[in-house]
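Notes to accompany the following structure.
The values are calculated or read from the model by the stated rules, or taken from the named source; none is laboratory data. Remember, predicted model here, so these are calculated numbers, not experimental data. Every residue, glycine as well, gets a Cβ built from its backbone with ideal geometry; the counts of neighbours run over all protein chains shown. The protein model used for the area step is the full one, side chains on, heavy atoms only, and it has no ligands, DNA or RNA in it. Shrake-Rupley method; radii C 1.70, N 1.55, O 1.52, S 1.80 Å.
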Amino acid sequence: LSFAKLFWIFVVGSILGLLIEDVFHVLVYHEWESRAGLVWGPFSPLYGVGAVVLTVFLNRFYYTHNLIIFLIAMLLGSVMEYATSWLMEVLWGAIAWDYTGTFGSINGRTNFAFGVMWGLLGLVWVRTILPFIKRVFSHVDARSMLARLVTAALSLFMALNIAVTLLALDREGQRAAGVPATTWEQRFFD
């Protein structure tokens, strides 16, 4: 698995995960709400990282029983969800979600239902999406100048997108603490 393949898996996972979460939100809460996790574009980094983690850990389990894939994906997804929630709270004081009081809740950061969803996502990822992505990659010359330029350009964009998002989150924390905008950067993020 090269950087380019993992990067494109991150991008595909970010977009597909966001789409799934947005549709889930409409079906459950009957309202449209963008669940994007980055400032620019339709990206959810949790699902992008999830796609990369599921690929790295489950790629070798293709010929394994579905229950094993499901359980490993359930565990990996739950750990990622817990870690993301914890990091959001520790670094920025933000509580992105709270599953307190739900079945199988672990400190409100994840629960059984979302663990099952991660298990199902992992199973669909390994059985359907990842083989499709591999077929697409088999038709792309990743060493071509065009492929390398597009990957490099989008990688730089994504790095900038992530950096700006982190700075925006930091400024949001400052605003919540009552810190007024005194610099051009603070005014920009406000």
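Just to check your reading of the model, which residue among Ala176, Ala142 is in contact (Cβ under 8 Å) with a residue 24 or more places away in the chain, in contact with a helix residue (DSSP H, G or I) (Cβ under 8 Å, 6 or more places away or on another chain) and more than 22 Å from Tyr47 (Cβ to Cβ)? Lay out the reasoning, then the answer.
On the way: Ala176 fails: in contact with a helix residue (DSSP H, G or I) (Cβ under 8 Å, 6 or more places away or on another chain).
Just one listed residue meets the conditions, Ala142.
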Item to complete: Would you please name the residue that is nearest to Val124 (Cα to Cα), looking only at residues in segment 94-107 that are open to solvent by 60 Å² or more (accessible area, probe 1.4 Å) and in contact (Cβ under 8 Å) with a residue 24 or more places away in the chain?
Response: Ile106
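Residue-by-condition table, conditions (1) closer than 30 Å to Tyr63 by Cα; (2) of a type in the set (Lys, Arg); (3) open to solvent by 40 Å² or more (accessible area, probe 1.4 Å); (4) out of contact with any His (no Cβ under 7 Å at 6 or more places or on another chain):
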| site | (1), (2), (3), (4) |
| --- | --- |
| Leu130 | yes, no, no, yes |
| Val136 | yes, no, yes, yes |
| Leu149 | no, no, yes, yes |
| Ser155 | no, no, no, yes |
| Met158 | no, no, no, yes |
| Val164 | no, no, no, yes |
| Ala176 | no, no, yes, yes |
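For the subset of segment 18-34 comprising residues that are in a loop (DSSP other than H, G, I, E, B) and charged (D, E, K, R), which member is least open to solvent (accessible area, probe 1.4 Å)? Quick ask: steps written out before the conclusion?
First, pick out the residues of segment 18-34 that are in a loop (DSSP other than H, G, I, E, B): 30-34.
If we keep only those that are charged (D, E, K, R) as well, we get 31, 33.
On the way: Glu31: 93, Glu33: 68 Å².
Among those that are in a loop (DSSP other than H, G, I, E, B) and charged (D, E, K, R), it is Glu33.
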Item to complete: Specify the residue that is farthest from the chain's Cα centre (by Cα); the eligible residues are those in segment 85-137 that are closer than 29 Å to Thr64 by Cβ and charged (D, E, K, R).
Response: Arg135
Worksheet item: Within segment 35-68, how many residues are of a type in the set (Ser, Thr, Tyr), surrounded by fewer than 16 Cβ atoms within 10 Å (Cβ to Cβ) and either in a helix (DSSP H, G or I) or in contact (Cβ under 8 Å) with a residue 60 or more places away in the chain (or both)?
Response: 1
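Given the structure, is Val11 buried (at least 17 other Cβ atoms within 10 Å of the Cβ), assigned to a loop (DSSP other than H, G, I, E, B), touching a residue at least 60 places away in the same chain (Cβ under 8 Å) and among the hydrophobic types (A, V, I, L, M, F, W, C)?
Numbers: buried (at least 17 other Cβ atoms within 10 Å of the Cβ): yes; assigned to a loop (DSSP other than H, G, I, E, B): no; touching a residue at least 60 places away in the same chain (Cβ under 8 Å): yes; among the hydrophobic types (A, V, I, L, M, F, W, C): yes.
No.
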